[in-house]
Structure formats: C-alpha cells, structure tokens
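The values are calculated or read from the model by the stated rules, or taken from the named source; none is laboratory data. Values in this document were obtained by computation on a predicted structure and should not be read as measured data. Here the Cβ is made from the backbone with ideal geometry for all residues, glycine too, and neighbour counts use every protein chain on show. With ligands, DNA and RNA removed, areas are computed over all heavy atoms of the protein, side chains included. Shrake-Rupley method; radii C 1.70, N 1.55, O 1.52, S 1.80 Å.
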Amino acid sequence: MTAKPIVAVVGRPNVGKSTFVNRIVGSRQSIVDDQPGVTRDRIYFDVEWQNKEFTLIDTGGIIPGDEDEIMLNIFTQAKVACDEAEKIIFLVDGKDGINPIDYDIANVLRRSGKPVYLAVNKIDAPEHFNNISDFYALAVGDPHPISALHGSGGVGDLLEAITEDFPINDGEEQTDIIRLAIVGKPNAGKSSIVNALLGEDRVIVSDVSGTTRDSINSKVKYEGEEFILVDTAGIRKKSKVDWGVEKFAVDRAIRAIRDCDIAVLVIDAVDGLTDQDKRISQTIVEAGKGLIVAVNKWDLITDKETGDPTAKYTQKLMHEAPFLDFAPKIFISAKTKQRLVNIYKQAKEVYAQCTKRVSTSILNKVLLEAMAMNPPSTKKGKKLRVYYATQVRTAPPTFILFVNNEDLVQDSYKRYLENKMREAFGFFGTPVKMSFRERKEKDK
C-alpha cells in the first residue's frame, strides 16, 4: 500500500493551528488553549477529504531565533515536519494582520522548496477581509481566507487546492497494526523511549517534567510488522494536576490507553514502582488492554554484583504489586538503547495472547478439572455449580460462566479459576474478563 501524502501545518504561536486541524480532522484532537505554544510536538492525523487520504501534521507554534529551550525545540520540530511533508500550510492571523515573525517563517518555508499554501485564518467578520491583501507581502503565494473556528467555505476551498493531485482512495483495506501506548508518570523517560525506537527526535525530550502534553502518534515497522507508537503526557495524581491544558493532556493520555491495543507502562528503575504506577496499571487493566511493564533507566542500576538483578527486581515488583503477575517485565534503557527492541517482540507476543480464542469444549474441560481439584466451598449451606462456560470475545479474552446462583461466586474462587485458565491457555500480558450468569439447572 502506497504511503499517504503528508501535509504540515506551521505558523507562529496562537494563530489557530490546532483549531484548524480539529476542523479538518472532525474532532477535538489537538489541545486548544489561548496560551501561546500549547502544542509543542508534531502530532499526526490521518485525514480523508473527498475520497483522498493524507496525513496532517500539527506542529508547535514557531518563533525563529527565539533562544528559549522549548521554543527552539518547537522550531526544530516544525522544520523536521516541513522536511517530511510534501506540502505545507502556512497559517497566519487575519484578524491581527501581518506580523514580523510571519516574515521570518516565510523565509524558512521558501528555502524548503516545498509547495506552500498561505491560509489567512480568523476571517470571522467582513472587516477582516481588508487585511487579506497585506499577506501578499510574504511572497509565498495567494492567500486563502478561512475561518477555522466557524468552518467557513474557505477551508473546503483550501483543502481542494491542496489535495488536487492526491490519489483517490481505491478502497483497499489496511492490515491490522498493533497500537502501542507508551504511558507512565512524568519524567519516567517515555519520550526518550519513543525517540530511541524511531531513531529520530520526533518527540521533544527535556529535563523539564511534563514536556509532552499531547498524545503523539508515530508509525514504525519492525521485522515486517507495523506498529503505531503513541507517546503520552505523564499521568500525575489528580490532586496535582492543574485545570486547563495539563488536565486535557492527562485526559488524552487516559483516552490513549482506552484506544490502544497494548499499553507499555514505563517505570523508573531508580524510583521503583510508585503508587501512581500502580494506579496507571489499574487503569490499563480496567480498560482491558494488553500490558507490558518496561523498567527504564536500567543502566543506572549499579547493584548487579551477585545473582540475576532482573530476577531480583521482578521478585520485588511481584511482592509490591501481585496483580501485575500476568504482565511481562522488560528491563531497558532509552539512553543506551539496551533491550529496546524487546518492546516490539513482547508486543507481538502479548497481542497474540490478547486475541487468542479458546474452543468451548477445551475451556469446559479445563474448568471441570479445576473444580474437581478444588471444589467451591459452600455458602449458607449452598454450593456453587458451573454448568458450562464460553468465550464471548477477544481483546481482552472475555468469558461467561453459567452458574446456578451468582451470589455463591466468591472473589477468591474467581481468582482461582482465572489462574487455572492462565495455566492452561497462557493469556500472558492480557487481562482476563470473567462474568457469571445465573441459569437454572433445568435450563442448562
């Protein structure tokens, strides 16, 4: 399948790039706020316009020459986006008029040699049309007046011009791609891991905690298998999350967990498993997603004189969080790239477990043997009976057990049956969902 054309959206801060992107994508995907520089990274969206598919890149607002670390990183990200893109949308503010920074950006874009489409945004009232002609001074082509906020017809005209030579979608279906969400608390090294896996600085990495605020999608191929890596904002305790942009970012990270196939929970090897890590893992399990625990910064662990340090660390994790027993643990270093490819290898194995389907006959045989070995205890003189079980879905593997009385099902016995199913079928790295449905014996 041929790669989709790539279109980058660039411009100085607060000209409405994310609002424009949201208008095209059709949902509130990028974080939008009145604070300049809210979008810091390159964010990729798959878009379809009149049966023509392309990838849209939303970039951070750029100020060429600004020496601030974050602003320099944003400028670099925008330049890389322009290098990747076949076409560039240069967004300016039609309400405020031309800005000196616009001239600097226009100079950069002209040097890129890429087709540039000048979009004059915020043309929301008749008096704003008087400013449009001023933008010819940027010497990057005819200005396209639009209103990203209200979605005026100018947006459609602009897209029609941009996609004029894009191929029409032939209806070919895309093969399944494993979607990996890289999640964890702030400063655990998530963005560094993504950059190391991609081999490029696609996500801004800084010592400032909380640099990543959007969920960043990146497509990559490893040993013939395609993956989508989703870098997310660090998830902090609710009590420490400020209302506004950070709250949206944390909400986006949680939604990324719900949308992914497998979540890679990044733990700081030096800090160890924290209460927040446990809460995030519970979110992953409740969402029914595959889970890999990646212990990052393993190069900083110096106590490796005797025994197997990974086995000791795993034992410690098991003691602190026995509910993570089902999840594979990998010990990596984003800095040295130690065992990073194990993320891909484990993801393929976990995905196979998440999508595994068990035949009804074998499932019931395993459960009958388990109940014969350890019969359920009586409750108020009554005994639980399981008539039969069936798997109703995958990802996660979900089972319904038909019983004589739902009230007789004890949590301890439910865990016992789940453990026996894991012993028989694996399900390594995936939650297992079990529900009990009451059925009278005469209806069995």
Can Thr430 be described as loosely packed, with under 15 Cβ neighbours inside 10 Å and closer than 15 Å to Cys354 by Cβ?
no
Contact list, first residue from segment 40-59 and closer than 14 Å to Pro167 by Cβ and open to solvent by 10 Å² or more (accessible area, probe 1.4 Å), second anywhere and in a loop (DSSP other than H, G, I, E, B) and modelled with pLDDT of 80 or more, beta-carbon distance below 8 Å, six or more apart or interchain, is Trp49/Thr163; Gln50/Thr163; Lys52/Thr163; Lys52/Phe166; Lys52/Pro167; Glu53/Phe166; Thr55/Pro5
Give the residues of segment 330-356 that are within 20 Å of the chain's Cα centre (by Cα) and of a type outside the set (A, V, I, L, M, F, W, C), sorted by residue number.
Asn342, Tyr344, Lys345, Gln346, Lys348, Glu349, Tyr351, Thr355
Here are the criteria: (1) farther than 23 Å from Arg179 by Cα; (2) at pLDDT 90 or above. Tell me which single one Lys237 does not satisfy.
(2)
Kindly indicate the residue of segment 297-343 that is among the polar types (S, T, N, Q) and out of contact with any strand residue (DSSP E or B) (no Cβ under 9 Å at 6 or more places or on another chain) and also modelled with the lowest pLDDT among those meeting that condition.
Thr306
Out of the residues in segment 125-143 meeting the condition of being among the charged types (D, E, K, R) and at pLDDT 80 or above, tell me which one is surrounded by the most Cβ atoms within 10 Å (Cβ to Cβ).
Asp134
Does Gln346 fit the bill of being modelled with pLDDT of 95 or more and assigned to a helix (DSSP H, G or I)?
yes
In segment 76-128, how many residues are assigned to a loop (DSSP other than H, G, I, E, B) and either under 14 Å from Ile6 (Cβ atoms) or more than 33 Å from the chain's Cα centre (by Cα) (or both)?
13
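Yes/no matrix, rows are residues, columns are (1) in contact with a helix residue (DSSP H, G or I) (Cβ under 9 Å, 6 or more places away or on another chain); (2) more than 20 Å from Leu158 (Cα to Cα); (3) touching a residue at least 40 places away in the same chain (Cβ under 8 Å):
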| site | (1), (2), (3) |
| --- | --- |
| Ile101 | no, yes, yes |
| Ile123 | yes, no, no |
| Asn131 | no, no, no |
| Leu138 | yes, no, yes |
For segment 406-437, which positions are in contact with a strand residue (DSSP E or B) (Cβ under 6 Å, 6 or more places away or on another chain) and farther than 30 Å from Leu180 by Cβ?
Glu406, Leu408, Val409, Phe436, Arg437
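The rows are residues; the columns are (1) without any contact (Cβ under 8 Å) to a residue 24 or more places away in the chain; (2) not small (Gly, Ala, Ser).
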position	(1), (2)
Thr274	no, yes
Ile284	no, yes
Asp308	yes, yes
Gln315	yes, yes
Phe323	no, yes
Ala334	no, no
Gln346	no, yes
Ala352	yes, no
Lys356	no, yes
Across segment 86-116, what is the total count of residues that are in contact with a Phe, Trp or Tyr (Cβ under 9 Å, 6 or more places away or on another chain), open to solvent by less than 40 Å² (accessible area, probe 1.4 Å) and of a type outside the set (Lys, Arg)?
13
So, Lys79, is that one in contact with a strand residue (DSSP E or B) (Cβ under 8 Å, 6 or more places away or on another chain), open to solvent by 10 Å² or more (accessible area, probe 1.4 Å) and either of a type in the set (A, V, I, L, M) or touching a residue at least 12 places away in the same chain (Cβ under 8 Å) (or both) or not?
no
Subset of segment 401-415, residues out of contact with any Ser or Thr (no Cβ under 9 Å at 6 or more places or on another chain), assigned to a helix (DSSP H, G or I) and open to solvent by less than 40 Å² (accessible area, probe 1.4 Å), comes to none
Using beta carbons and a limit of 7 Å, which pairs, at least six apart or on different chains, have the first residue in segment 6-22 and in a strand (DSSP E or B) and the second one of a type in the set (Phe, Trp, Tyr) and crowded, with 20+ Cβ neighbours inside 10 Å?
Ile6/Phe54; Val7/Phe54; Val9/Phe20; Val10/Phe90
Would you say Asn195 is open to solvent by 10 Å² or more (accessible area, probe 1.4 Å), within 18 Å of Cys260 (Cα to Cα), of a type in the set (S, T, N, Q) and at pLDDT 55 or above?
no
Using the structure shown, decide if Ala188 is within 32 Å of the chain's Cα centre (by Cα), closer than 30 Å to Asp268 by Cα, modelled with pLDDT under 90 and assigned to a loop (DSSP other than H, G, I, E, B).
yes
Which members of segment 359-400 meet the condition of being under 22 Å from Gly429 (Cα atoms), part of a loop (DSSP other than H, G, I, E, B) and open to solvent by 20 Å² or more (accessible area, probe 1.4 Å)?
Ser359, Thr394, Ala395
